[in-house]
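Take a look at the structure below.
The values are calculated or read from the model by the stated rules, or taken from the named source; none is laboratory data. Every value quoted in this text rests on a predicted model; they were computed, and no experiment measured them. Cβ placement follows ideal geometry from the backbone for every residue including glycine, while neighbour counts extend to all protein chains displayed. Surface accessibility is based on the protein's heavy atoms, side chains included, excluding ligands, DNA and RNA. Shrake-Rupley method; radii C 1.70, N 1.55, O 1.52, S 1.80 Å.
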2 protein chains.
Amino acid sequence: MKSFVIKGDICYSENIDTLITLKDHYLVCENALCKGIYTELPLEYSSLEFFDYSGKLIIPGMTDLHTHAPQFAFRSLNMDSELLDWLNNSAFKEEAKYSDNAYALKAYEIFANALRHSVTTRACIFATIHMDATKILMDLLEKTGLLTYVGKVNMDRNSPNELCEESAEKSAEDTVRWINDTTDKLQNTYPILTPRFIPSCTDELMIKLGEIQREYNLPVQSHLSENKDEIKWVQELCPNSKNYGDAYDSFGLFGKNAKTVMAHCVYSTDEEVELMKDNGVFVAHCPASNTNLSSGIAPIKRYLEKDLKVGLGTDMAGGHSDSLFRAIADTVQMSKLCYRLVDSTTKPVTFNEAFYLATKGGGEFFGKVGSFETDYEFDAVVIDDSVLPHPQELTVYERLQRAVYLNADCKGLFAKFVKGKKII
Amino acid sequence: MKSFVIKGDICYSENIDTLITLKDHYLVCENALCKGIYTELPLEYSSLEFFDYSGKLIIPGMTDLHTHAPQFAFRSLNMDSELLDWLNNSAFKEEAKYSDNAYALKAYEIFANALRHSVTTRACIFATIHMDATKILMDLLEKTGLLTYVGKVNMDRNSPNELCEESAEKSAEDTVRWINDTTDKLQNTYPILTPRFIPSCTDELMIKLGEIQREYNLPVQSHLSENKDEIKWVQELCPNSKNYGDAYDSFGLFGKNAKTVMAHCVYSTDEEVELMKDNGVFVAHCPASNTNLSSGIAPIKRYLEKDLKVGLGTDMAGGHSDSLFRAIADTVQMSKLCYRLVDSTTKPVTFNEAFYLATKGGGEFFGKVGSFETDYEFDAVVIDDSVLPHPQELTVYERLQRAVYLNADCKGLFAKFVKGKKII
């Protein structure tokens with residue numbers, strides 16, 4: 001029935017500024033939805049199953065808006081280069097291995113297991129061009145109980161031979177086959193259209209993907225304005241586009257027709273930002289990756305001031321951590337350096353704002369997700385923060401800050417719920 | 001006798017560019033010193049005690065050149081402000097609690113235990129102004145087996161009442177008493193002279209500390225050129241000094257007379273850098289702290305090119321992590337942003353360079369420490385990196401990168417040696 005009550009020290013964002021923390025409260029889940037928070041449990045709920053997490057932190061499950069499952073295996077390796085070199089010398093070489101289903105199974109089992117034991121409950125995930133390996137990944141993710149969008153990647157140009165689909169036609173055909181094979185087959189794991197990025201996809205392929213999007217009404221994920229060399233390349237490849245985002249838009253793949261998330265947006269111009277806002281495109285902010293690949297710092301505070309939709313992404317293996325706790329701290333830290341070194345007129349992102357981005361901000365891509373307000377889907381993570389000893393009295397808010405900053409590895413993960421189902 | 005042999009996958013820096021990695025090798029410790037690395041164990045060592053760490057990583061113990069023990073308890077709290085506000089509103093309030101020996105004991109036990117279970121084997125540590133609490137800390141550290149310098153802090157101006165010593169004279173008297181009480185009393189825990197920073201110490205006190213330094217021949221630790229407002233303040237307080245470093249130098253507390261380490265150096269001018277080089281002053285680079293407090297990014301690569309002595313510091317609680325693994329990754333990451341956003345003529349710090357800084361670079365403050373070369377003091381950390389599963393074959397060098405980037409919490413810490421003594 002997915003109806004029950006949990007009790008503990010509850011933290012969630014009401015809005016981007018307001019982080020609510022409540023000691024010893026009851027949180028009701030009815031038919032997989034949040035149905036109120038109480039100091040004393042109302043009589044009507046007294047017969048529901050009860051999980052007592054007193055003394056532990058209860059936070060909304062977090063959304064990872066951008067990551068690459070096949071890159072999980074080589075996190076932290078070859079970190080001394082920038083995006084385009086890193087793609088050719090590291091990422092593409094690793095992804096090519098996923099033509100081998102046995103390797104894919106072995107690697108994706110490790111990835112799925114790690115994701116299950118993280119604070120993440122929802123994620124948008126890139127697989128590779130390989131249809132079979134992508135299905136293996138989706139099956140494994142389904143078993144975790146997490147709720148994810150997974151994309152078979154499209155690449156038909158500027159890619160090494162072993163990671164280049166033979167034609168736009170073949171890429172589109174495989175994509176349709178994969179969509180038909182996976183749509184409505186799994187409870188919690190859905191296909192998402194995934195052109196890698198403009199440089200990897202011919203116009204012919206992008207036109208076909210636009211058509212597929214409209215026919216199957218799929219959401220879309222890709223990369224946008226991550227690195228200056230990349231942006232210059234896109235300008236050369238798409239001379240008629242006003243900006244990188246406009247290039248996607250010209251193929252109907254930039255939010256007008258479908259829910260769309262774009263990773264990075266480090267160097268989005270005002271014009272591109274306007275287009276994202278008009279089209280409701282989500283920004284997946286990936287601060288660790290933008291640092292590791294020497295890309296720069298995305299001006300997230302400015303995007304928030306412009307009311308863009310923003311969530312956080314781990315972007316493994318550009319980012320080396322699978323932890324959204326770490327992504328929250330990274331977001332705050334990088335915004336401080338942006339303030340100090342780039343634009344002192346825009347204040348740093350606060351802890352409360354970054355917590356919002358990891359929960360309600362990114363959660364919006366999945367609907368009413370990422371908060372404990374009434375009628376939000378019930379995603380929760382319970383943390384036993386007694387693993388972080390301290391000599392002084394602490395408020396719930398202080399304990400939350402410690403959990404996020406000091407516990408990226410999520411030691412003391414005690415329970416986890418996704419859409420009302422207890423998965424740990 | 002502190003003579004034995006260990007075997008495993010050995011990693012250490014020969015120099016700043018060259019990181020040696022050796023699979024399945026023997027490392028000999030004789031009378032607490034490294035005495036060679038071998039593919040097969042020479043007969044002369046065959047009777048020594050033998051620890052078999054086959055399949056595990058063996059790395060030099062790391063040196064934390066700058067951290068604050070009393071701030072460990074409030075890591076990650078109140079991170080939304082800059083240095084001077086943060087000192088007044090957070091750090092000083094917490095440090096004032098250490099007038100209470102019971103609180104100090106409780107808090108320092110947690111700190112010492114965490115340090116013991118980290119990759120750190122040596123550290124330069126600030127305590128507080130409180131003589132008794134500082135002695136409590138030193139006793140606790142002694143029990144861990146780590147090798148540390150600990151400083152009773154001096155502060156007699158611009159500090160809150162509860163954390164301000166009543167006069168320069170009293171501060172100096174307490175310092176002498178503390179030196180006499182602790183010198184040669186402990187095996188592994190030594191006093192270090194610790195004027196907090198110029199703004200906290202009157203000229204009268206600094207003169208006395210210079211005299212004490214010469215009489216007792218103690219090393220010195222303090223802060224330097226961390227934040228622009230702070231530097232401006234020092235200029236106002238010391239109008240006759242050419243720069244912040246020169247202010248210390250004018251009191252004989254800047255390396256000419258004694259081994260000296262200065263934390264931060266984010267904004268050191270060429271002139272200050274020259275003085276540091278002439279005087280052999282060590283830089284304690286604290287990238288996490290410089291980010292958290294919106295200070296900026298210290299141009300470490302430039303300092304290395306100028307042959308300054310540099311090591312890494314966690315600078316808790318400006319930094320929120322106690323991990324030198326994390327400090328290595330932070331050093332690389334911040335230098336990439338420095339390259340991208342501040343000075344594109346200076347390349348980022350590489351992984352090998354940052355690893356050197358955490359081991360041999362900072363270790364030099366303690367003598368021949370931080371490497372496995374012959375006659376280096378035997379500090380080693382053994383890590384069972386099977387806690388980081390992976391689907392592919394990996395070299396020892398790749399496993400080291402993963403351990404550093406993915407394992408800041410040092411899961412799988414298997415054994416630890418300090419100066420030839422096994423402490424874990």
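Over chain B, with every protein chain in place, what whole percent of the accessible area is carbon and sulfur at 1.4 Å, could you tell me? With neighbouring chains kept in place, the figure for chain B is 46 percent. Heavy atoms of the protein chains alone define the surface here; on that basis segment A:62-366 has 31 Å² accessible area per residue at 1.4 Å probe size. Counting only heavy atoms of the protein chains and using a 1.4 Å probe, residue B:316 has close to 0 Å² of accessible surface. Centroid-to-centroid, using Cα positions, segment B:11-41 and segment B:80-114 are 39 Å apart. Between B:414, B:355, B:282, the residue with the greatest mean-square fluctuation in the GNM of chain B (Cα pairs under 10 Å linked by springs) is B:414. Springs between Cα atoms under 10 Å define the GNM used for chain A, and in it the highest mean-square fluctuation of A:350, A:121, A:359 occurs at A:350. Identify, among A:47, A:32, A:74, the residue whose Cα sits farthest towards the positive end of the charge dipole of segment A:9-125, taking +1 on the Cβ of Lys and Arg and -1 on the Cβ of Asp and Glu, with the dipole about the Cα centre. After comparing all options, I get A:74. Scaled to the globular estimate 2.2 N^0.38 Å, the Cα spread of chain A, given as radius of gyration, is 0.95.
Helix content alone sets the calculated 222 nm mean residue ellipticity of the protein assembly as shown: runs of n ≥ 4 DSSP H residues at -39500 (n - 2.57) each, divided across all residues, give -10000 deg cm²/dmol.
Relative to the dominant Cα principal axis of chain B, helix B:228-237 is inclined by about 50°.
Shielding value for B:333-343 is 6, the average number of Cβ atoms from other chains within 10 Å of each residue's Cβ. Between A:99, A:222, A:171, which gets the highest mean-square fluctuation from a Gaussian network model of chain A, Cα cutoff 10 Å? With Cα springs under 10 Å in chain A, the top fluctuation among A:99, A:222, A:171 is at A:99.
How many percent of the alpha carbon pairs in segment B:119-226 exceed a separation of 17 Å? Please list the in-between numbers first.
Values: 2865 of 5778 pairs.
Roughly 50 percent, once rounded to a whole number.
Helix B:396-406 and the longest principal axis of the C-alpha atoms of chain B enclose an angle of approximately 40°.
Using C-alpha pairs under 8 Å with a sequence gap of at least 6, the mean separation divided by the residue count of chain A gives a relative contact order of 21 percent.
The calculated FRET efficiency for residue B:85 paired with residue A:184, based on their beta-carbon distance and R0 = 41 Å, is about 0.15.
Please give the net charge around residue B:70, taking every other residue with its beta carbon less than 14 angstrom from that of residue B:70, where Lys and Arg add +1 and Asp and Glu add -1.
Values: positive: B:75, B:93, B:97, B:106, B:135, B:152, B:196; negative: B:94, B:95, B:100, B:109, B:132, B:162, B:315, B:322.
Around residue B:70, the charge tally is -1.
Helix B:131-144 and the longest principal axis of the C-alpha atoms of chain B enclose an angle of approximately 0°. Given a 1.4 Å probe and the protein chains as shown, residue A:386 ends up with an accessible area of around 80 Å². Separation of segment B:120-171 from segment A:306-358 is 35 Å, based on Cα centroids. Relative contact order for segment A:311-360: what percent, with Cα pairs under 8 Å and sequence separation of 6 or more? After rounding, I find 38 percent.
Pair-distance distribution P(r) for segment B:160-317, from all Cα-Cα distances in 10 Å bins starting at 0: 10, 39, 37, 13, 1 percent. Placing pseudo-labels 7 Å out from each Cα toward the beta carbon at residue B:40 and residue B:17 gives an inter-label distance of 3.4 nm. Of the chymotrypsin sites (Phe, Trp or Tyr not before Pro) in segment B:1-31, not one is in a loop by DSSP (not H, G, I, E or B) with at most 13 other beta carbons within 10 Å.
At an R0 of 35 angstrom, the distance between the Cβ atoms of residue A:50 and residue A:393 translates into a FRET efficiency of 0.80. Evaluate the relative contact order of segment A:279-369 (contact order divided by residue number), counting alpha-carbon pairs under 8 angstrom at least 6 apart; express in whole percent. RCO, segment A:279-369: 30 percent. Between copies, residue B:279 shows label-point distances of 5.8 nm, shortest first, with the point placed 7 angstrom from Cα along Cα to C-beta. A convex hull fitted to the Cα coordinates of segment A:303-424 yields 143 cubic angstrom per residue.
Taking the Cα centre of segment B:100-236 as origin, work out the dipole magnitude from +1 charges on Lys and Arg Cβ and -1 charges on Asp and Glu Cβ, in debye rounded to 20. Before the final figure, lay out the partial values.
On the way: 15 positive and 22 negative charges, 123 e Å.
Computed about the Cα centre, the dipole is about 600 debye.
Report the percentage of all Cα-Cα pairs in segment B:249-349 whose separation exceeds 18 Å, rounded to a whole percent.
When every Cα pair of segment B:249-349 is considered, 45 percent fall beyond 18 Å.
Computed about the Cα centre, the dipole magnitude for the protein assembly as shown is approximately 1100 debye when only Lys and Arg (+1) and Asp and Glu (-1) carry charge, each at its Cβ. Panel note: the C-alpha atoms of segment B:76-126, placed on their principal axes, show extents of 32, 26, 18 Å (largest first). Ordering B:269, B:318, B:119 by Cα displacement along the dipole of the protein assembly as shown toward the positive end leaves B:119 in first place; charges were set at the Cβ atoms of Lys, Arg (+1) and Asp, Glu (-1).
Separation of the alpha carbons by more than 23 angstrom is noted, of A:106/A:152; A:135/A:170; B:208/B:419; B:93/B:336; A:306/B:228, for B:208/B:419; B:93/B:336; A:306/B:228. Among A:383, A:110, the order of accessible area from largest down is A:110, A:383, computed with a 1.4 Å probe on protein heavy atoms.
Charge dipole of segment A:62-366 (Cα centre as origin; +1 on each Lys and Arg Cβ, -1 on each Asp and Glu Cβ, all else neutral): 1000 debye, rounded to the nearest 20.
Counts of other chain beta carbons within 10 angstrom of each beta carbon in peptide B:103-114 average 2. The shape of the protein assembly as shown can be summarised by an equivalent ellipsoid whose semi-axes, obtained from the alpha carbon gyration tensor, come to 46, 30, 27 Å from longest to shortest. A straight line joining the Cα centroids of segment B:398-424 and segment A:174-202 runs 42 Å.
Once the chain from residue B:105 to residue B:342 is taken as fully extended at 0.36 nm per residue, the excess over their C-alpha distance is 81.0 nm.
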